[in-house]
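J.: Input: one structure, supplied below.
The values are calculated or read from the model by the stated rules, or taken from the named source; none is laboratory data. All values derive from a computational prediction rather than experimental measurement. Please note: Cβ atoms are built from the backbone with ideal geometry, for glycine as well, and neighbour counts cover all protein chains shown. Just the protein is used for accessible areas: all its heavy atoms, side chains included, with ligands, DNA and RNA removed. Shrake-Rupley method; radii C 1.70, N 1.55, O 1.52, S 1.80 Å.
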Amino acid sequence: IERRMWSHQHPLRQFPIHSHLIIKLEERNLTLDHIAEMDAEELGAAVRQRSAGPLLYKYFQTIPYVEVKASLQPITRTVLRVGLIIHADFRWANQFHGQAEPFWIWMEDPDNDIIYHSEYFVLNRKQMHEEIKINFTIPI
């Protein structure tokens with residue numbers, strides 16, 4: 001899912017959903033984090049159209065989301081090993097994802113505006129139910 005959007009637009013705009021529902025989501029500031037805490041019935045109530053709840057929730061579950069667990073291990077005084085375990089947490093739909101879904105992984109220091117590591121990661125459908133392990137080292 002890679003359609004370009006303005007930052008103020010709701011991510012569900014990328015799906016074939018009636019525009020009046022999208023406008024209601026944007027007016028009520030229903031972020032993906034808020035929707036994640038709801039079920040389909042609550043989502044339908046939030047947009048004041050209960051029958052639309054299951055459809056909106058189905059598309060919400062299709063938005064690419066991964067859970068990342070990180071472990072840090074010092075190698076020397078100036079080098080740190082970073083281990084990531086990545087698990088996909090969304091419903092795969094070939095119509096939207098195709099054969100693969102790309103992600104960027106980066107480790108940064110936001111206080112000093114330094115990116116220590118960046119890596120392009122491609123998740124394919126076969127990896128959906130597997131834990132993906134990625135290791136890299138960074139200087140401190």
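J.: Among the residues of the stretch 63-77, which ones are among the hydroxyl-bearing types (Ser, Thr, Tyr) and at pLDDT 95 or above? Working first, answer last.
T.: First, pick out the residues of the stretch 63-77 that are among the hydroxyl-bearing types (Ser, Thr, Tyr): 65, 71, 76.
Residues satisfying the conditions are SER71, THR76.
J.: Right, next: For GLN61, all conditions in the list (1) in a helix (DSSP H, G or I); (2) open to solvent by 30 Å² or more (accessible area, probe 1.4 Å); (3) more than 21 Å from MET128 (Cβ to Cβ) hold save one; what is the number of the exception?
T.: For GLN61, the failing item is (3).
J.: When the stretch 75-98 is examined, which residues are found to be assigned to a strand (DSSP E or B) and open to solvent by 80 Å² or more (accessible area, probe 1.4 Å)?
T.: Kept after step one, since they are assigned to a strand (DSSP E or B), are these residues of the stretch 75-98: 79-88.
If the condition is that a residue be assigned to a strand (DSSP E or B) and open to solvent by 80 Å² or more (accessible area, probe 1.4 Å), then ARG81 is the only one that fits.
J.: Would you please list the contacts, defined by Cβ atoms under 7 Å and residues six or more apart or on different chains, that run from a residue in the stretch 58-70 that is among the basic types (Lys, Arg) to a residue that is part of a strand (DSSP E or B) and open to solvent by 30 Å² or more (accessible area, probe 1.4 Å)?
T.: Sorted first by the residue in the stretch 58-70, then by its partner, the pairs are LYS69/ILE85.
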